[in-house]
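The values are calculated or read from the model by the stated rules, or taken from the named source; none is laboratory data. Just so you know, these numbers come straight off a predicted model, no measurement behind them. Here the Cβ is made from the backbone with ideal geometry for all residues, glycine too, and neighbour counts use every protein chain on show. For accessibility, only protein heavy atoms count, side chains too; no ligands or nucleic acids. Shrake-Rupley method; radii C 1.70, N 1.55, O 1.52, S 1.80 Å.
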Amino acid sequence: MDGGSRRGSRQGMDPIVRRVGFVTPGTEPEIPLQQVVLNGPGQSSPAPVIIPPRPIIASSTLSQEINSKTTAALKTVTVDALKNANIEASRVSEDLTLSSSFGGSDRSGGEAVSEVPASLSTVTTMVRQVSIASASVPAGGFAGPSVGLTPAPIAASVSEKAAIGGVKEKPKTTRAERKAIQEAQRAAKAAAQGGGKAPSVKGSVAGGGDEKKGGGKPAEPKTPKATPRREGSLAGSEKKPPVPAVRMQFDDKDRVAKATKKNIVEQTETKNRVELFRHLPQYVHGSQLPSAEAKFFRVQEPGHPHPAVYQVGLRYLTGDIVGANARCVAMLLAFAEMIRDYSTPPQKTLVRDLTAKINSHVQFLTTCRPHAVSMGNAIKLLKTRILKLPGHFTEAEAKKSLIEDIDKFIQEKIVFADKVIVDHAVEKIREGDVVLTHGHSHVVEKILEAAHARGKNFRVVVVDSRPRLEGKALLRRLLQKGLKCTYTHVNGLCYIMQEVDRVFLGAATVLANGVVVSRAGSAATAMVAHAYSVPVLICCETYKFHERVQLDSICSNELGNPEALVDVPGRKELTELQGWDKNDNLQLLNLTYDAMPADYVAMIITELGLIPPTSVPVILREYRKESNALELL
Amino acid sequence: MAVRWQAQGQPAVTDEWLSQAANSRHPPEERPSVRAHRLTGDLRDTRETANMSVVEDFDYWRGKPDLAVAVAAIKALTAVIKRSKATTMMGLEIELKRASEELKEREKSSISLAAGCELFLRFVTRTSALEHEDINAGKERLIERGEQFSEISIKARQTISKVGADFVRDGCTILTHGVSRVVVSLLKLAASQGKHFSVICPEGRPDGKGIQTARELTAVGIPVTLILDTGVAYVMERVDMVLCGAEGVVESGGIINNLGTYQIAVVARAFNKPVYVAAESYKFARLYPLDQRDLPYDPKPVTFAEPLPPNMKVDNPSRDYTPPSCLTLLFTDLGVLTPSAVSDELIQLYL
Amino acid sequence: MADALVEDFITKLKRRQVEGSLVTARKTALVLRQVIAAERKPAPYQASQLIELVKNYGRKLIAANPTELAIGNIVRRVLHIIREEDVTSASHSAANTEDDVERAGPAGGGIAASTGNRTALLAPALKNLLEPTPQLQKPGSDSGSVAESESKRQEKPKSDRASWRLKHNVIEGINELITEVENFSSLIAEQALEHIHQNEVILTMGRSKTLLNFLSEAKKKRSFQAVVAEGAPRYDGHLLAKELAVLGVQTTAITDAAVFAMMARVNMVVVGAHAVMANGGVLAPVGLHMAALAAKRHAVPFVVLCGLHKLSPVFPHDPDTLLNDFKSPSGVLDFGEISDCLDSAAGRVHTPNPFFDYIPPELVSLFITDGGGHNPSYVYRLIAEFYSPEDYVL
């Protein structure tokens, strides 16, 4: 052992001379040690990896614009911008043509591109209006668990280009061209409504944009050129995971106003909002139910939801149905009812009208209670299925097929999945184990009952948290089945965790970065379990997985009724918080969910098997592929 | 609240005094070639022959099985005082210093020996500051304390056992390392208090020290499981606490102990298990290692089952350094200390 | 009549009618003062008699409520005061006595002797390892310095006065202690401005008077927001939230389950403590261990406010059970809610309701005491200052 270096083998104190870049040893010429080797631009050590030149998406310029009135603003794009765009269009690589062409230009007139995240959905709508993609593009290729767009700048700039293409076209194109464009637009709108994708848009817009350059050529000749590009971009979209749509942020006043205009359920915002959660909706809980109940029988009103759906909505409001699975199943069954009773009005196509109806129903349910992710996934599937209905189906056949699809979804993705999960999970409970769970998860309850039915001897610790105290229901059911139980509140976690061997938790959703969103209090449970080296097992069906990512529990959550904190059941003497809303300084916060970081989770048990939390994107990818494959059939 | 041992009226350093100090320096003692005069302990104490060397004394006391290295050293130093012909405390100090150097030469790598000698010398310095005029009173005091030291040592062990036994809970599993008299006595005391616990001992190749501990504990009826040194991480999840001795406790609050302690401490920290060290306070040394290489290297020979090719290197140090971040508490005869309290003690000692 | 007072206090303790470390500490000090004042044994009584007396009563008090560590702390403080006063008075008398033949050497020797006595007060330290362990002055027995006992034997009437002075000093010392205990909250609050800054978000759980004072002091100059977790099953977070809102602090009341969720936006966690152990660990209301873990995860400083009377020289061997108080299960689960399920085979539900949580020292960033701010690793030193090692085990 020599006295000198602790960091590997050095010859002494002298600084090490290093070569920069990927250099294979033995191939490069010897360099004397005295030279300090710098790989300047002119020298001859080629890096084996060639990084393609960056697309000149000036995202900074995009982010400068904050104006959200996209539709109007788009029309103000100047000709200058377009000219500059054309010059630069040639410089860049193929599938980034459009984006780059706007990236370099000075956005002088450019109120066009709005704040990217907030306006993506409006961009989507706008894109649908403007897209020239023909129906030949197999729109089904892009259906999947989520509505996606390729990265925002591209989309935005694409839309801009599209708008420009559309705007610019007017003075130069002939009537024939315009007609062709309109046809293509109409077809594309229908296709895009099933999840209109930017690639298809892009391809079409490329056709439109280059059209202008070509000087008045009709759309069709361009489509062959556009098609390879489209296909290329199709393939590209398969490789690139679609970015999930950005949700509405409720601190955006205009959008909130627009959305609430059509509300059936009256909602008044609470006073005493918690500032931190301005981006989430919070309504006075008392007022919604009576008004909603009153309107139940106004079936004749246009836009009024189907009674089954209305009922489900009411039950959401009252808190009768809780839990991701339960809500999803209830909603799907209500939709099945609705479809059964549906008949296409004259002058409208089944696909479009039904989709519109479903959208409005979904909107209604959202106002009763914000979506769970599981519900969102189910709705997406339903809409995809509607779009994929073969044209030759009659209405009756279509309805039957849809109802079958819904049933299949429920059976496969929920009921059967639960059975498989239970089978997997029961293996993980050993004899004499102490198993801990938080709140009341439907799947975990099944697991515990199944393990007990198999004769395993174990003890269950139920941890409960305010204000919902759902664990009590679980406790009752377990006791009735004869299991040995311990019950404690979330503060007693650190005390009880020393006795625990396994922690089983359910999930509302599992996100692409491995974060598990579950009932408030689960993250604390996982944290304490991690501190005591107790493995945490999440039991979750794959239909609850989502590509969204989230870092903490604040960016996305659901705010429950703050009044629930005021009274403690069984403790009448606690009256401190009554009259809290009269005090400006006091706010109550009732968080519904919290996000548990991926490193707390040891394993996720799904119907596809046992996976580590790092493999969630793998499942998402495979799931998408599988559903893509199904739909292409 | 630290008491400053500065007596009032320090002597002025005069030339006379200096020359006196120089004169009191004895010529180096010669080692007799034949160590024929080994007698029983009592007789040896009263022997006045100047031809005995401190090293011999040390060897003799070291031979006693129940005596720690530091105790033997201090007893040897006490004998030096007895034999000393110095007329001033200063001279005595210088003699003792030389003698302790010889002892350190003798056992170059023993940390507790060095610590014990340092402690005794420090005590001598402070006593001499107090009684700088009366050499006889000083010598008497020193001799008396030096002889008592073995009692101090034994009492220390008892105090540590008492203090540490409280931490042994009913039904817990303890992982030990190496062999330490203090740890064994601690566990025996806990067992005698009626607590039921089990012990896991890694065998401690190649010395088999762990097996020795296991034997001693089994003899008093404590259930012991023997594992390989490589099996520590495997068992760590069912261990409640780690308990080991120390060869030396360093200024940062870390310990120096036989090879393997650091490994066990790191694994225990990964599992969030407490690591307790039982060490007498005379093992506190004025070292401050930053990493393993800061320790004096003391390799031990080790044989392998088959002969090795000549260009293969073997590295087998006898001990390693465990930093204070891996330790939870130290049981000492000064009470239960956190690693940061050790530094406090050492600062007070050497101020 | 001192006995009656003690008995009354013991009964109250047993019935848990005295709640809170401040109240308990104060009452204990008062009771002990009464006991010492009422001590009418014929002089000369030495310190050791007083010590024995206090120890006896102290043991009884501690046995009445073992989880209330403040009792033990105050008893040990009083013992420490007695020992200190003893030493000081001894050194005074040593300095005053003149015609003592046994005393060898100049005054330095006497001081050495007194300092030798003083070493009895210090914790066994490394530097005293080789010193002979001095004995406390026992009536008629040898003390650390032979001279002392001689003087004692010689001067009986003076020792009467000396012992009266000792008692007097001890009672004064206890009075000081009582004042210190009563005023610790304001001293802690004075440090608030150093730690709480503009626009910070402070999280707290449960309720503590000290905490309220601390935050209200900070509110006078800075504006900040408070997030208060309700702290089941006591739910005193509700009261604290209301009080803070009245003070004008922007307060958000949350449930305990949301503590981890909110921790991502919190700048500092400030809590009160029930007791601080010798290794720096904290006994706090249940739920704070979880909050401390969440704070560590989010790298949020975890600050504990505690008065020095909460410092206990006890080491937590088994903190979750030995030093914990378990309250009635009905605080967690009402019997009526599950009584119908209990007819089935399992028949029992185990419902632990611990009152305290043990927070290990590595989760605590800072202790703010009436003696300033301290690292958890320095707690051992504070304990050595206020308690005598002989009293660690009563």
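Points worth noting:
- When residues in the stretch A:442-496 are screened for being of a type in the set (A, V, I, L, M) and within 7 Å of chain C (Cβ to nearest Cβ), 6 of them pass.
- Meets criteria (closer than 27 Å to B:Gln263 by Cα, away from chain C (no Cβ under 14 Å), of a type in the set (Ser, Thr, Tyr) and within 17 Å of the chain's Cα centre (by Cα)) for B:Ser161: yes
- Taking the stretch B:57-85 as the range and being modelled with pLDDT under 80 and among the small types (Gly, Ala, Ser) as the test, the residues that pass are B:Gly63, B:Ala68.
- No other residue among B:Val267, B:Val302, B:Val275 is more than 14 Å from chain C (Cβ to nearest Cβ) and within 30 Å of A:Met497 (Cβ to Cβ) apart from B:Val267.
- The listed residue being of a type in the set (Val, Ile, Thr) and either touching a residue at least 60 places away in the same chain (Cβ under 8 Å) or closer than 30 Å to B:Phe197 by Cβ (or both), out of B:Ile135, B:Ile160: B:Ile160
- The number of residues in the stretch A:507-519 being open to solvent by 10 Å² or more (accessible area, probe 1.4 Å) and more than 14 Å from A:Tyr600 (Cα to Cα) comes to 3.
- The residues of the stretch A:559-585 that are more than 7 Å from every other protein chain (Cβ to nearest Cβ) and buried (at least 19 other Cβ atoms within 10 Å of the Cβ), listed by number, are A:Leu559, A:Gly560, A:Pro562, A:Val566, A:Trp580.
- Test: residue in the stretch C:239-249 that is at the interface with another protein chain (Cβ under 7 Å from one of its Cβ atoms), surrounded by 24 or more Cβ atoms within 10 Å (Cβ to Cβ) and free of Cβ contacts under 8 Å to residues at least 60 places away in the same chain: yes
- Scanning the stretch C:263-278 for residues that are more than 23 Å from C:Phe326 (Cα to Cα), facing another protein chain (nearest Cβ under 8 Å) and either touching a helix residue (DSSP H, G or I) at 6+ places or on another chain (Cβ under 8 Å) or of a type in the set (S, T, N, Q) (or both) returns a single hit, C:Arg265.
- Some residue of the stretch C:220-228 being at pLDDT below 90 and under 23 Å from C:Asp370 (Cα atoms): no
Listed here are the residues, each with its yes/no results for (1) within 14 Å of chain A (Cβ to nearest Cβ); (2) open to solvent by less than 20 Å² (accessible area, probe 1.4 Å); (3) in contact (Cβ under 8 Å) with a residue 12 or more places away in the chain.
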position	(1), (2), (3)
C:His289	yes, yes, yes
C:Leu308	no, yes, yes
C:Ser328	yes, no, yes
C:Gly331	yes, no, yes
C:Ser339	yes, no, no
C:Leu342	yes, no, no
C:Phe356	yes, yes, yes
C:Tyr380	no, no, yes
C:Val393	no, no, no
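- Yes/no for A:Leu551 being among the aliphatic types (A, V, I, L, M) and open to solvent by less than 30 Å² (accessible area, probe 1.4 Å): no
- So B:Pro289, is it open to solvent by less than 10 Å² (accessible area, probe 1.4 Å) and without any contact (Cβ under 8 Å) to a residue 40 or more places away in the chain: yes
- Of the residues making up the stretch A:440-455, those that are outside any helix (DSSP H, G or I) and either more than 23 Å from A:Ala324 (Cα to Cα) or touching a helix residue (DSSP H, G or I) at 6+ places or on another chain (Cβ under 6 Å) (or both) are A:His440, A:Arg454, A:Gly455.
- Scanning the stretch A:311-363 for residues that are open to solvent by 30 Å² or more (accessible area, probe 1.4 Å) and charged (D, E, K, R) yields A:Arg315, A:Asp320, A:Glu337, A:Arg340, A:Asp341, A:Lys348, A:Arg352, A:Lys357.
- Flag if B:Thr125 is touching a residue at least 12 places away in the same chain (Cβ under 8 Å), surrounded by fewer than 23 Cβ atoms within 10 Å (Cβ to Cβ), more than 19 Å from the chain's Cα centre (by Cα) and not in a helix (DSSP H, G or I): no
- Residue count for the stretch A:456-490 satisfying the condition of being in contact (Cβ under 8 Å) with a residue 40 or more places away in the chain, within 19 Å of C:Ser328 (Cβ to Cβ), open to solvent by 10 Å² or more (accessible area, probe 1.4 Å) and touching a helix residue (DSSP H, G or I) at 6+ places or on another chain (Cβ under 8 Å): 1.
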